[in-house]
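Below is one structure, written out as structure tokens; comments come after it.
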RNA sequence: CAACGUACAGGC
């Protein structure tokens, strides 16, 4: 069983779902009972290649065979439906999760928030975020990244910065991805001045920005017809011995 | 043990 699980896990991670499903069938034929890990891998794999209905079907089928899934498997489905823009299904799975007496966690909420942002329901996402906090779940760096990106998209920079500060106030250190989200969010929305300023501020704080952050800024400057400035950032990055692609 | 967020490239 462990051997099967390991191979199936590998197939699923690389998106080779035909092979994975075939092995799952083979297990049944051999009289081996797939475990929650087996089903979890396959469901996650199917959801990632947009075979959502198959994923959900397998989920229901396993459940009716007495398998009790954990939050992670629910998370795979919520994430999958959310990415496909099927919010209603995502909510439905969320409700099922609660009905089963399972407790959601921050990751589940993040999946849901990201889903709402993807269909441009930013206000709904903000309400959801408030709700999440009311229910005493702690947002993490990922939660804030999702919201900051969303707010930059709709050009609510002030609010994006407010979240940025709220995050630090809670002792949550923004990670490399949060920085990049903020910088590229500002740059893409054409707010080069703010992006540049943040970039400089972070440098002063001794924070090392990675190549994605530089890319983001270079791109923003280029779009604003400031090729010269873009080039300067580029050179400066090179001088620091950073790896650029 | 497993689910979630950032930049860039390509094809029509």
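Across the stretch A:68-187, the mean sequence separation of Cα contacts (distance under 8 Å, 6 or more residues apart), normalised by length, yields a relative contact order of 20 percent. The mean sequence separation of alpha-carbon pairs under 8 Å and at least six residues apart, normalised by the residue count of chain A, gives a relative contact order of 10 percent.
Computed from the C-beta positions of residue A:232 and residue A:176 and an R0 of 25 Å, the FRET efficiency is 0.65 to the nearest 0.05.
Cα centroid separation, the stretch A:189-216 to the stretch A:20-38: 49 Å. Taking A:155, A:86, A:103 as the candidate residues, the one with maximal mean-square fluctuation in a Gaussian network model of chain A, Cα springs under 10 Å, is A:103. Each label was represented as a point 7 Å from its Cα along the Cα-to-Cβ direction; for residue A:25 and residue A:212 these points are 3.9 nm apart. Between residue A:140 and residue A:95, the simple label model (points 7 Å from Cα in the Cβ direction) yields a spacing of 2.8 nm.
Note on residue A:224 and residue A:131: the model spin-label points, each 7 Å out from Cα along the C-beta direction, lie 3.8 nm apart.
Seen against the Cα atoms of chain A and their longest principal axis, helix A:122-134 is set at about 70 degrees.
Between the Cα long axis of helix A:87-99 and the first principal axis of chain A there is an angle of about 60°, rounded to the nearest 10. Potential lengthening of the chain between residue A:153 and residue A:35 amounts to 38.3 nm, from the contour at 0.36 nm per residue minus the alpha-carbon distance.
Taking Cα atoms, how many degrees apart are the long axis of helix A:176-188 and the longest axis of chain A, rounded to 10 and kept between 0 and 90? Roughly 60 degrees, rounded to the nearest 10.
Taking packing as the residue-averaged number of other Cβ atoms within 10 angstrom, the listed peptides A:26-33, A:64-71 run from highest to lowest as A:64-71, A:26-33.
Quick check on chain A: helices-only [θ] at 222 nm, where DSSP H runs of length 4 and up contribute -39,500 (n - 2.57) each and the sum goes over total residues. Nearest 500, please. Intermediate values should be presented prior to the final figure.
Details: 14 runs with 181 residues, N = 245.
When only DSSP H runs of four or more count, the value is -23500 deg cm²/dmol.
The peptide list A:119-127, A:204-212, put in order of mean Cβ contacts within 10 Å with the highest first, becomes A:119-127, A:204-212. Where in the stretch A:30-51 does the label zone of residue A:3 land, with the point 7 angstrom along Cα→C-beta and an amide N cut-off under 16 Å? Output list for this probe position: A:30-34. The shape of the stretch A:87-134 comes out oblate: with a ≥ b ≥ c from the C-alpha gyration tensor, a/c is at least 1.5 while a/b does not beat b/c.
Values in this text are rule-based calculations from the coordinates and carry no lab data. Everything quoted here is computed from the prediction, not taken from an experiment. Note that each Cβ is placed from the backbone with ideal geometry, even for glycine, and that neighbours are counted across all protein chains shown.
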